[in-house]
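Working notes, structure below.
All of the numbers you see were taken from the coordinates with simple rules; none came from a lab. Since this is a predicted model, take the numbers as computed values, not measurements. All Cβ positions, even for glycine, are placed from backbone atoms using ideal geometry, and neighbour counts span all protein chains on display.
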Amino acid sequence: GARLKTHPKCSGHVWGVTYDNLTMLGVETPIEIDMFYEDDGPQDKTTMLIENITFSKIIAANTDNDAVIKCDPQSPCQGLHFRHLDFSTQLDDDRADHWSCDIHAVNSFSVVDTQPEGLTDCLTQAYVGSSYSYSY
């Protein structure tokens, strides 16, 4: 899958990364940003800044989770862009019409032409910031 992983208590800046024109079959999680890799979660703070990350023209089928985005509330991910994604073909028909996501602490994002619908709902549940936009 398309992944960005950092360890807790890290510092630094990751920006301007684009994942484009990917097809994934049977991967566990097609999209993952994890600021607490190999740790239990946000009890260990980080000063890592992740921003302006684009996921574009990605097709994924038969996945366990569509997106896992775990950002530190003290250093939320900013400028996440999801464009022209199709994760609608699943073995489990119960999941074919909604996103399966585990998302925390997103400051700003945009969603354009993403199937199935529901990614915006996942992101707004984790929203801690200033702007977002979406269109289907």
Worksheet entry | Virtual spin-label span in nm between Gln74 and Asn21, 7 Å along Cα→Cβ | 4.2 nm
Item to complete: Report the GluC sites (Glu not before Pro) located in segment 3-42 that are in a DSSP loop and have at most 11 other Cβ atoms inside 10 Å of their Cβ, or state none.
Response: Glu28, Glu38
